[in-house]
Amino acid sequence: MQFYSHTTSLLSAYLEDEYSLETQPKDYSFQPTRKEFEGNFTLVVFPLSAKAKKKPEDFGKELGDYLLLNSDYVDAYNVVKGFLNITLSLQFWRDTLLSFGDIYQHFQHQDNKGKLVLEYSSPNTNKPLHLGHIRNILLGWSLSKIKARCGHEVIKTQIVNDRGVAICKSMLAWKKFAKGETPESSDLKGDHLIGKYYVIFDRALSEEYAAWQETEDADQVFREKGKKEDEREAFFKNYKNQYFNEFSSLGAEVRKMLIDWEKGEPETIALWKKMNSWVYAGFDETYKKLGVDFDKTYYESDTYQLGKNLVEQGLNHGLFYKKEDGSVWVDLTDVGMDEKLLLRGDGTSVYITQDLGTARIRHEDFGMNQMTYVVGNEQDYHFKMLFEVLKKLGESYAEGLFHLSYGMVDLPSGKMKSREGNVVDADDLIAEVIATATKSVEEREGMDGLSEEEKAENIRRIAMGALKYHLLRVNPRKRMLFDPEESLEMQGHTGPYVQNAFVRIRSILRKVDEELNADIADYLEINAEEKELLILMLDYSKVVETSAVDHDPSHLANFLYQLAKTYHRFYHEHHIVRAESAYAKNFRLKLSSAVAAVLEDGMDLLGISMPERM
């Protein structure tokens, strides 16, 4: 039985009968009683006394008397000004403990909140998944589980950005420099091989650009801009993109390849399909390591044309306008933004074009009323524009769009080096964390007696738990630092610390499994630490709901850390198997089992599996 819902139900019925007052759950504010006062839970009376037009202290006593007579869970009360401090009965503590025999009953009140399309990962096929993708993927995966628990029908999706200028850069570089190299011949994952040629293209472009800067054409551009000689280095440092679009022969080849692709030129399409197939195989391998999947994968190559059609519709209805060069724009100055390019003058699409098409086709596929995009905060302005354009187009789902904007992830300098030279690859990071976990386990000798297969699985769970927890424990909107070694510490705010509480309990329960069903009714001296654990667990469903509403799994991660810390303290202060009485032993075993159930369920909602040994 949930104390909050139980008490709220009693008091709302009383206020309706006695005062003809209709109250909502938000009118009832409960909090743990402050340590200087007697009681377990405190009801803030002010909102209710204001509705009843009564003095808070008098009204608190009235409500306390009513609960004392009508609730088996209230043993005593006291009122301090407008705060009703409630002391809970033995029956409350027993019923609360027993309620955790089925975690899911704490979520049974959840209503069906409709369909939610949740987009995460959404990589480009010109490079491997990297550290930023890992944070994105883990946020999306955890949020999908949390939202589903709270009553949403979640459809997990990604949009693979498999076309465009960046993809053509990798294709052109492979065509020019690869000499037929394949994942098999190079012993590289397909996504890493293509990423290699994306880097090669950038190096070739840099060499071409450096040579061009020594030409008369470059001097003429510099003079026309009216720059001084001491500004030359800074000018050309910032001119590279414009050079690529206006002067570069490599840039011209890339643009031609993009146009050929959009025209369906057979040789270009064949190369594109071959290289993308390598990348998809590489992505799938990384997703498997992370333990995530998708219900539906969309491809920009399929959705960009639908986006172009939407732009044409908007143009025909006067929502957009065309410039002299044939490019199509939308004016968003009326909502405090800029004018936005929707189609280039040559008819090719831009980033927002495919997003328009993808949003439409998702609604056609699923009829969702909400859609959440998990995308880094560098795209904040893009999504504000996208949502406004969809509103202008009159899309029925436009009011239910949300951008979960997350901050970048940094690593301590010198910790790792990426094979690509400037980004930390997801595969490298996963391998590093597993290697660090393996070393740590070997030093502690905590898995003696396990088979090599069992040992490897436990290490994998510890390593991935460390990685996932460390990235999810921070508010998504904050930039964060990820330290692979720190994440694996057994003490402190880490995944292994939470896992260790679970492993400790499992070790106890393996020894006394047959006693878990023993009666707890005769345990009369429930101590403060046991009550603290039960009160904390009572907040579990509320914390999950808050995580869902705020799109923030860190609420849940921090709750699990507090629960693990509280249990570790309880474990060190009280005997369990060697308790002072059989009644205390039975109660503490069942309490430990309940804590383990909440820890395991909560970590699962974060996408983390528990090891059996550490």
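Could you list all residues from the range 146-178 that are buried (at least 19 other Cβ atoms within 10 Å of the Cβ), within 23 Å of ASP346 (Cβ to Cβ) and of a type outside the set (Val, Ile, Thr)? Within the range 146-178, ASN161, ASP162, ARG163, GLY164, CYS168, LYS169, SER170, MET171, LEU172, ALA173 qualify.
Within the range 337-395, the set of residues being of a type in the set (D, E, K, R) and under 15 Å from GLY164 (Cβ atoms) comprises ARG344, ASP346, ASP355.
Applying the selection to the range 394-412, what residues are over 19 Å from ARG479 (Cβ atoms) and either in a helix (DSSP H, G or I) or at pLDDT below 90 (or both)? Break it down into steps so the answer makes sense when it comes.
Here is the first cut: in the range 394-412, the ones over 19 Å from ARG479 (Cβ atoms) are 394-402.
Correct list: ALA398, GLU399, GLY400.
Checked against (1) under 29 Å from GLY132 (Cα atoms); (2) in contact with a Ser or Thr (Cβ under 8 Å, 6 or more places away or on another chain); (3) not β-branched (Val, Ile, Thr), SER301 passes all but a single condition, namely (2).
Listed here are the residues, each with its yes/no results for (1) more than 24 Å from the chain's Cα centre (by Cα); (2) under 13 Å from ARG94 (Cα atoms); (3) surrounded by 19 or more Cβ atoms within 10 Å (Cβ to Cβ); (4) in contact (Cβ under 8 Å) with a residue 12 or more places away in the chain.
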residue	(1), (2), (3), (4)
ILE505	yes, no, yes, yes
ASP522	yes, yes, no, yes
ASN527	yes, yes, no, yes
GLU530	yes, yes, yes, yes
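Annotation note: Cβ proximity below 9 Å between a residue of the range 161-184 that is under 22 Å from GLU208 (Cβ atoms) and a residue that is charged (D, E, K, R) and part of a loop (DSSP other than H, G, I, E, B) (sequence gap 6+ or interchain) occurs for ALA166/LYS127; SER170/LYS127; TRP174/GLU181.
The residues on offer are PHE383, PHE402, and the sole one that is of a type outside the set (Asp, Glu), touching a residue at least 12 places away in the same chain (Cβ under 8 Å), crowded, with 16+ Cβ neighbours inside 10 Å and not assigned by TED's automatic domain parsing to the domain that holds LEU488 is PHE383. For the range 84-143, the tally of residues that are under 23 Å from the mean Cα position of the chain (by Cα), surrounded by 21 or more Cβ atoms within 10 Å (Cβ to Cβ) and among the β-branched types (Val, Ile, Thr) stands at 4. Examine the range 424-438 for a residue that is in contact (Cβ under 8 Å) with a residue 12 or more places away in the chain, touching a Gly at 6+ places or on another chain (Cβ under 6 Å) and of a type in the set (Gly, Ala, Ser), and state whether such a residue exists. No; the residues of the range 424-438 include none that is in contact (Cβ under 8 Å) with a residue 12 or more places away in the chain, touching a Gly at 6+ places or on another chain (Cβ under 6 Å) and of a type in the set (Gly, Ala, Ser). For the range 465-493, the candidate set comprises residues that are within 19 Å of the chain's Cα centre (by Cα) and of a type in the set (Gly, Ala, Ser); within that set, the residue that is surrounded by the fewest Cβ atoms within 10 Å (Cβ to Cβ) is SER487. Does TYR567 count as hydroxyl-bearing (Ser, Thr, Tyr) and modelled with pLDDT of 95 or more? So TYR567 fits the description; yes.
Please go through the range 413-431 and give me each residue that is at pLDDT 80 or above and surrounded by fewer than 18 Cβ atoms within 10 Å (Cβ to Cβ), ordered by number. It would help to see each step written out before you state the result.
Pass one, the range 413-431, residues at pLDDT 80 or above: 424-431.
ALA431, the sole residue that qualifies.
Residue check: LYS590 meets all listed conditions (1) under 12 Å from ASN500 (Cα atoms); (2) of a type in the set (D, E, K, R); (3) in contact with a Leu (Cβ under 8 Å, 6 or more places away or on another chain) but one, namely (1).
Contact map, the range 565-582: first residue assigned by TED's automatic domain parsing to the domain that holds VAL595, second residue in a helix (DSSP H, G or I) and among the β-branched types (Val, Ile, Thr), Cβ cut-off under 7 Å, separation 6 or more or different chains; pairs are TYR567/VAL595; ILE576/ILE508; VAL577/ILE508. Among the residues of the range 22-63, those identified as surrounded by 15 or more Cβ atoms within 10 Å (Cβ to Cβ) and aliphatic (A, V, I, L, M) are LEU43, VAL44, VAL45, LEU48, ALA52, LEU63.
Restricting ALA584, ALA548 to those that are modelled with pLDDT of 95 or more and surrounded by 19 or more Cβ atoms within 10 Å (Cβ to Cβ) reduces the list to ALA548.
Within the range 551-565, restricting attention to residues that are more than 20 Å from SER593 (Cα to Cα) and out of contact with any Pro (no Cβ under 8 Å at 6 or more places or on another chain), which residue is surrounded by the fewest Cβ atoms within 10 Å (Cβ to Cβ)?
Taking the range 551-565 and keeping what is more than 20 Å from SER593 (Cα to Cα), we get 551-555, 558.
Within this subset, residues satisfying the condition of being out of contact with any Pro (no Cβ under 8 Å at 6 or more places or on another chain) are 555, 558.
On the way: HIS555: 20, ASN558: 18.
My answer is ASN558.
Kindly indicate whether any position in the range 234-252 is in a loop (DSSP other than H, G, I, E, B) and on the phi > 0 side of the Ramachandran plot.
Looking only at the range 234-252, we keep the residues that are in a loop (DSSP other than H, G, I, E, B), and these are 238-239, 247-248.
Imposing the further condition that a residue be on the phi > 0 side of the Ramachandran plot reduces the set to none.
No, the range 234-252 contains no residue that is in a loop (DSSP other than H, G, I, E, B) and on the phi > 0 side of the Ramachandran plot.
Quick check, is VAL79 over 28 Å from ASP519 (Cβ atoms) and crowded, with 16+ Cβ neighbours inside 10 Å?
Yes; evaluated as a whole, the condition is true for this residue.
Meeting the requirement of 1 or more residues that are farther than 18 Å from ASP539 by Cα, without any contact (Cβ under 8 Å) to a residue 40 or more places away in the chain and not assigned by TED's automatic domain parsing to the domain that holds LYS531, the strands (runs of 3 or more DSSP E) wholly within the range 1-88 are 74-80. Answer yes or no: is there a residue in the range 305-317 that is of a type outside the set (Val, Ile, Thr), free of Cβ contacts under 8 Å to residues at least 12 places away in the same chain and in a loop (DSSP other than H, G, I, E, B). Yes, the range 305-317 contains a residue that is of a type outside the set (Val, Ile, Thr), free of Cβ contacts under 8 Å to residues at least 12 places away in the same chain and in a loop (DSSP other than H, G, I, E, B). The residues in the range 421-457 that are under 17 Å from GLU489 (Cβ atoms), in a helix (DSSP H, G or I) and more than 21 Å from the chain's Cα centre (by Cα) can be counted, and the count is 12. Which residue is nearest to LEU138 (Cα to Cα), if the candidates are limited to the range 152-199 and must be part of a loop (DSSP other than H, G, I, E, B) and more than 32 Å from the chain's Cα centre (by Cα)? Among them, the one singled out is ASP187.
The condition of being in contact with a His (Cβ under 9 Å, 6 or more places away or on another chain), among the β-branched types (Val, Ile, Thr), assigned to a helix (DSSP H, G or I) and under 28 Å from ILE134 (Cα atoms) holds for ILE352. Selection over the range 305-343 of residues that are in contact with a Gly (Cβ under 6 Å, 6 or more places away or on another chain), surrounded by 13 or more Cβ atoms within 10 Å (Cβ to Cβ) and not aliphatic (A, V, I, L, M) gives a count of 3.
The values are calculated or read from the model by the stated rules, or taken from the named source; none is laboratory data. Worth saying up front: this structure is predicted, and the values here are computed from it rather than measured. Quick reminder, even Gly has a Cβ in these numbers, built from the backbone with ideal geometry, and neighbours come from all protein chains shown.
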